[in-house]
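Novice: Before I ask anything, here is the structure I am working with.
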Amino acid sequence: MDKDSTLSRRTFLAVAAGTVVTIGLPGLFATVSEARERDLATELRKDGRSRVPPGQSAVEEIENMGGRPGPADPEDFRLRVHGEIENPYEIGFKELMEFPQTDIVCDVHCVTGWTLLDSAWRGVPVSALLERARPTPDRGFLIIQAAHGYTTSIPLDEARKENVFLGHTLSGTPLPHANGGPVRAVVPDRYFYKSAKWVTGLKIASRDERGYWEKRGYSNSADPWKEERYSR
Ligand SMILES: Nc1nc2c(c(=O)[nH]1)N[C@H]1C(S)=C(S)[C@@H](COP(=O)(O)O)O[C@H]1N2
Ligand SMILES: [Mo]
């Protein structure tokens, strides 16, 4: 896709959004070559779904989509795990690094239309953090809390999937502050607003709580393959 059609698609999305506040700053993204885009059009994931979800375009690099940053220094990082659990706890960066670490290569999909393929992360599976917390509800929700009151949520069964993690390393280097460093949540199979940057807390609750963007017109289920962009 050339830059002009990328722009018109973004403009279209903004119009399609109607009264909802649009996510991110206007700008042109460096999309992959046309040849690569043609190949990707037929590529499938292991689960049989299309590699690039409908209405998305692959880009070369992660974009900085803004947000109000938390502290940059790992020394100042605190994660509070609380709510309806048997074992509440609070940890710093060093203790987070003592949890089992996972290396994950995944694709992420921003609701504004860009998809970053093969991003290489290192982090701690949310399942490991939940195991230590021992949630009491069977079918609860994970409220992911971040700096300055940003929140988002996913069902607990989604949160336990092996590709859901708190990431601290991207492409072998510490996660840039602009992209949520020192630690952000990554939920690859939901639109990227579910991946809270500058994470501060994991709250387990039997009732869901609408997150920052979800309250502003974006879908709470946020499945990119169903194009669940806006709430209805
Ligand atoms: N704390 C926080 N996390 C956030 C956001 C935010 O504004 N604040 N924006 C979300 C949105 S809409 C997107 S697309 C991604 C952008 O992440 P990036 O800037 O690393 O591309 O972060 C998500 N996580
Ligand atoms: Mo986004």
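The values are calculated or read from the model by the stated rules, or taken from the named source; none is laboratory data. No experiment lies behind these values; they were computed from the predicted model shown. So basically every Cβ, Gly included, is an ideal-geometry build from the backbone, and we count neighbours across all protein chains shown. Ligands, DNA and RNA are excluded from the accessible area calculation, which covers all protein heavy atoms including side chains. Shrake-Rupley method; radii C 1.70, N 1.55, O 1.52, S 1.80 Å.
Novice: If you roll a 1.4 Å probe over the heavy atoms of the protein chains, what accessible area per residue do you get for the chain, in Å²?
Specialist: 49 Å²
Novice: To continue, here is another question. Among 40, 202, 96, whose mean-square fluctuation peaks in a Gaussian network model of the chain (Cα, cutoff 10 Å)?
Specialist: 40
Novice: Hey, in the GNM for the chain with a 10 angstrom Cα cutoff, which one of 31, 136, 200 fluctuates hardest?
Specialist: Among 31, 136, 200, the largest GNM mean-square fluctuation belongs to 136.
Novice: List, in the order given, every pair from 46/215; 94/215; 194/215; 46/197; 46/194; 46/94 whose Cα-Cα distance in the structure shown is over 24 Å.
Specialist: Table pairs above 24 Å Cα-Cα are 46/215; 94/215; 46/197; 46/94.
Novice: From the mean inverse distance of alpha carbon pairs (Kirkwood) and the Cα radius of gyration, derive Rg over Rh for segment 109-154.
Specialist: Using only Cα positions, Rg/Rh for segment 109-154 is 1.05.
Novice: Per residue of segment 40-49, what does 6.51 cos²θ - 1.76 cosθ + 1.60 with θ = phi - 60° give for ³J(HN,Hα)? Whole Hz please, x for Gly and Pro, Karplus curve as stated.
Specialist: Result, ordered by residue: 5, 4, 10, 6, 10, 7, 4, 7, x, 7 Hz.
Novice: Okay, helix-only estimate at 222 nm for the chain: each DSSP H run of n ≥ 4 adds -39500 (n - 2.57), divide by all residues, round to 500 deg cm²/dmol; what do you get?
Specialist: Calculated from helices alone, the mean residue ellipticity at 222 nm is -4500 deg cm²/dmol.
Novice: Hey, what do the phi angles of segment 215-231 turn into as Karplus ³J(HN,Hα) couplings, whole Hz, using 6.51/-1.76/1.60 and θ = phi - 60°, x for Gly and Pro?
Specialist: With the stated coefficients, segment 215-231 comes to 6, 9, x, 8, 4, 7, 8, 6, 7, x, 7, 9, 6, 7, 8, 10, 7 Hz.
Novice: By how many nm would the segment from residue 93 to residue 68 grow when fully extended, if each residue of separation counts as 0.36 nm and the alpha-carbon distance is taken off?
Specialist: 7.0 nm
Novice: Sticking with this structure for a sec: So how far apart, in nm, are the two label points at residue 75 and residue 42 if each is 7 Å from Cα heading toward Cβ?
Specialist: Those two pseudo-labels are separated by 5.6 nm.
Novice: With r defined as the distance between the Cβ atoms of residue 232 and residue 84 and R0 fixed at 30 Å, what FRET efficiency is calculated, to the nearest 0.05?
Specialist: Rounded to the nearest 0.05, the efficiency is 0.55.
Novice: Using a 1.4 angstrom probe on heavy atoms only, work out the carbon and sulfur share of the accessible area of the chain in %.
Specialist: Carbon and sulfur: 51 percent of the exposed surface of the chain.
Novice: Hey, can you grab everything whose amide H is under 5 Å from the amide H of residue 209? Only 5+ residues off in sequence or another chain; H modelled, so Pro and N-termini drop out.
Specialist: Counting only residues 5 or more places away or on other chains, the set is empty.
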